[in-house]
1. For ASP81, indicate whether it is among the acidic types (Asp, Glu) and either buried (at least 17 other Cβ atoms within 10 Å of the Cβ) or farther than 23 Å from ARG247 by Cβ (or both).
2. Any idea which of (1) without any contact (Cβ under 8 Å) to a residue 12 or more places away in the chain; (2) surrounded by 12 or more Cβ atoms within 10 Å (Cβ to Cβ) is the one VAL26 doesn't satisfy?
3. Mind listing whichever residues of segment 75-97 are of a type in the set (Ser, Thr, Tyr) and farther than 21 Å from LEU132 by Cα?
4. Can you tell me how many residues in segment 134-178 are farther than 30 Å from ALA72 by Cα and free of Cβ contacts under 8 Å to residues at least 24 places away in the same chain?
5. Go through ALA58, ALA63 for me and flag whichever is within 18 Å of the chain's Cα centre (by Cα), at positive phi and touching a residue at least 24 places away in the same chain (Cβ under 8 Å).
6. State yes or no: is ASP184 touching a residue at least 60 places away in the same chain (Cβ under 8 Å) and under 26 Å from ARG16 (Cα atoms)?
7. Can you tell me which residue is farthest from ALA231 (Cα to Cα) among those in segment 80-126 that are in a helix (DSSP H, G or I) and small (Gly, Ala, Ser)?
8. Mind checking which residues of segment 89-103 are touching a residue at least 40 places away in the same chain (Cβ under 8 Å) and within 17 Å of ASP214 (Cβ to Cβ)?
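The values are calculated or read from the model by the stated rules, or taken from the named source; none is laboratory data. All figures in this text were calculated on a predicted structure; none of them were measured in a lab. We place every Cβ from the backbone using ideal geometry, glycine too, and count neighbours over all the protein chains shown.
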Amino acid sequence: MTRKAIVNYHVHKSYRQAFELDAGGVVGKLISPELAATSVVLTDNRTTTAPISFACDAVEITALETQVSDFAGDSWAPIYDTELKAMLQDRLGAREVVVFDHTVRTDDPDATRKPARNVHSDYSKGGAEQRLVDLLGAEVAAEWAQGHYAFVNVWRPVDHPINSAPLGFVRPSSVDPSDWLLLDLIYPDRKGQIMGLVGNPKHEWIYQSKMTPDEVAIFNIYDNQGLPSIAHSALDMVEDSNITTIRKSVESRTLVRY
């Protein structure tokens, strides 16, 4: 059965656009640039004859159980960091992994962090290079930059299988370079950059139906040796209208050295 969802693409403008996060110092308040709601056709990775792989598509979905039973607070982070490092070393062949951020998102109007409903990737080239320096310091960052490094995210459902607002990905081979645009991220205390994606009917959207808390999506955000950055977004859709569980997830950002 063909599935469809609504996504919010970015729109080309004659000027630099920006997101303002925690606008006015209010945690969770977001001021967004113009977005274009668009219906897209989805391929379910569970049923397709051409499943996604990290090496070819910059994303893969795999089983990964965790010892963490509650993602509230932050006491779970050291345990989870250890699990993620071991998994990325095993599956991607990384020789060093730095886990530097976790974001728990809940699809609730009152949540501090909600699912990101714009088609994007987390870093521009310049933003990734600056983040490398921020995390490692200029001297160590320069050493890493001489070799192969990447920013890789790991996304996991929390508490329940995902019934609404699953995470979707655009197969990189279907994206034209002109579909990307640079966006500023303006925080109260700093400024960053991400890449937004403009709509194109050639885009091939992939997701995994009813992802469970024992599954993770591993996806490439920036790679200094050419693996594409993958555009992604929460999808406005519902798998089963009889299920009322709220979508909750944890996304972890990592820096890997190959």
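1. Taking the combined requirement at face value, the residue satisfies it.
2. Every condition holds for VAL26 apart from (2).
3. SER75, TYR80
4. 10
5. Going through ALA58, ALA63 in turn, just one is within 18 Å of the chain's Cα centre (by Cα), at positive phi and touching a residue at least 24 places away in the same chain (Cβ under 8 Å): ALA58.
6. Here the answer is yes, as ASP184 does meet what is asked.
7. Restricting to residues being in a helix (DSSP H, G or I) and small (Gly, Ala, Ser), the top hit is ALA86.
8. ARG91
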